């Protein structure tokens, strides 16, 4: 699905309605092979937040791990920027 060195990504928290879980959106720009136009791809990922520290709007660092549940296979590593609200 997502291939990158060490499988570490950065994204923004968009939902925090579950216990010890959150939904993170990752935006990446790719170049269309034929037309050369840059296209924004949006990927929504469920992450595991063990201490319930992240909130909606936070910029977070996440890492791929073994599957925790049916939809969660990413761990929260660090909160980079807290939301002011």
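Please treat every number below as a calculation from the coordinates, not as lab data. Source: prediction; values computed, not measured.
So for the chain, averaging the separation of alpha carbon pairs under 8 Å that are six or more residues apart and normalising by length, what relative contact order in percent results?
29
In Å, what Rg and Dmax follow from the Cα atoms of the chain?
That works out to 13.9, 45 Å for Rg and Dmax.
Multiply the residue gap between residue 63 and residue 77 by 0.36 nm, knock off their C-alpha separation, and tell me the result in nm, one decimal place. Please list the in-between numbers first.
Working: separation 14, 0.36 × 14 = 5.04 nm, distance 0.66 nm.
Extra length available between residue 63 and residue 77 comes to 4.4 nm.
Given segment 5-81, what percent of its DSSP beta bridges are antiparallel, to the nearest 5? Don't jump to the answer; show the numbers that get you there.
Numbers: 25 of 27 bridges.
Restricted to segment 5-81, the bridges split so that about 95 percent are antiparallel.
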